[in-house]
Amino acid sequence: MILVLAGTQDGREIACQLGLQGYDVTVSVASEYGAALVQQAENVKVIQGKLQLADMKKFIMTMGISVVVDATHPFAKNVSENAIQACRETSIHYLRYERDSANVEGYSNVVLVDSYHEAVEKVNEMDGMVFLTTGSNSLDIFINGINDRTRIAARVLPGVQVMNKCIGLGLQPSQIIAMQGPFSRELNREMFKHYNTAVVVTKESGNIGGIEDKILAARDIGIPIIVITRPGIDYPLVVGTFEQVLERIEQWEK
């Protein structure tokens, strides 16, 4: 059986494609919302919940997992590191599917930073409304770190848990944009204008995450966009297409 860690659209598609190829696949997602996004496909089942290292090892051994395909978000560092360690300790194959990076350095309005905390520092050097597109996992860092939380607008996924987290952190409904992307350049631009945005904050999630449309939308209205670069992870084996995923699995599963 193959375990696909699917925190992205890529991961969900890989799981379905592997199922269509006849492999028994379990898709691991963190939330109920993520589970609902997985298409029904032959040979594919879904498990929900965050797997820590011990949980992952137990699941691998109990279910007879032979390959872990890590197709989590580029910023899901803890999950990837746990998966690498779990595969090493259980002596099974690990394969990282990594979406392409976006070339963002050529844009004049891009400010590159290496961490969420550095992004907060940059924001606090600026005045005006902050439009966050960094997701809900890091939301507490920004809300607790930015010098005035009333100048935050946060675009997040429209899940109940996410909404509860936003409210629990003190955001008002008017500060929450709960929508499922991707978002076009035009829609981003109108959102930024609607919130009278002075600076956008995002992550380098690749073009499939819509980063270029965000950058161009911000440039259209003459505002900077802070881009958090991907964390450094020592992946044992990385591929970038489904064909490469399938090729590796075929080699291992002969």
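The values are calculated or read from the model by the stated rules, or taken from the named source; none is laboratory data. Please read these numbers as outputs of a predicted model, since none were measured by experiment. Quick reminder, even Gly has a Cβ in these numbers, built from the backbone with ideal geometry, and neighbours come from all protein chains shown. Note: areas computed on protein heavy atoms with side chains; ligands, DNA, RNA excluded. Shrake-Rupley method; radii C 1.70, N 1.55, O 1.52, S 1.80 Å.
Observations on the model:
- All of Val38, Val68 fail the test of being in contact with a strand residue (DSSP E or B) (Cβ under 6 Å, 6 or more places away or on another chain) and in contact (Cβ under 8 Å) with a residue 60 or more places away in the chain, apart from Val68.
- Any hit, region 147-155, residues being within 30 Å of Gln85 (Cα to Cα) and within 15 Å of the chain's Cα centre (by Cα): no
- Enumeration of residues in region 125-143 that are assigned to a helix (DSSP H, G or I), among the aliphatic types (A, V, I, L, M) and open to solvent by 10 Å² or more (accessible area, probe 1.4 Å): Ile141
- Residues satisfying the stated conditions in region 198-237, i.e. open to solvent by 10 Å² or more (accessible area, probe 1.4 Å), at pLDDT 95 or above and in a strand (DSSP E or B): Ala198
- Any hit, region 225-238, residues being in contact (Cβ under 8 Å) with a residue 24 or more places away in the chain and over 21 Å from the mean Cα position of the chain (by Cα): no
- For region 23-43, the set of residues classified as out of contact with any Phe, Trp or Tyr (no Cβ under 8 Å at 6 or more places or on another chain), closer than 25 Å to Lys254 by Cα, open to solvent by 30 Å² or more (accessible area, probe 1.4 Å) and modelled with pLDDT under 90 consists of Glu42 only.
- Checked against the criterion of being of a type in the set (Val, Ile, Thr) and under 16 Å from Thr8 (Cα atoms), the candidates Val46, Val104, Val113 yield just one match: Val46.
- Residue within region 83-91 that is of a type in the set (Lys, Arg), touching a helix residue (DSSP H, G or I) at 6+ places or on another chain (Cβ under 9 Å) and at pLDDT 95 or above present: no
- Options Glu190, Glu253; residue that is open to solvent by 80 Å² or more (accessible area, probe 1.4 Å) and more than 21 Å from Ala76 (Cα to Cα): Glu190
- Any pair with Cβ under 8 angstrom, 6 or more apart, that starts in region 45-65 at a residue that is over 13 Å from Ile84 (Cα atoms) and ends at one that is open to solvent by less than 50 Å² (accessible area, probe 1.4 Å) and charged (D, E, K, R): none
For (1) touching a strand residue (DSSP E or B) at 6+ places or on another chain (Cβ under 8 Å); (2) closer than 22 Å to Ser101 by Cα, each residue gets a yes or a no:
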| site | (1), (2) |
| --- | --- |
| Asp127 | yes, no |
| Thr150 | no, no |
| Val156 | yes, yes |
| Gly168 | no, no |
| Asn188 | no, yes |
| Thr197 | yes, no |
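- Exactly one residue out of Leu3, Leu53, Leu20 is within 20 Å of Tyr235 (Cα to Cα) and either more than 19 Å from the chain's Cα centre (by Cα) or surrounded by fewer than 21 Cβ atoms within 10 Å (Cβ to Cβ) (or both): that is Leu53.
- In region 144-169, residue modelled with the lowest pLDDT [restricted to those that are within 17 Å of Gly128 (Cβ to Cβ) and in a helix (DSSP H, G or I)]: Arg149
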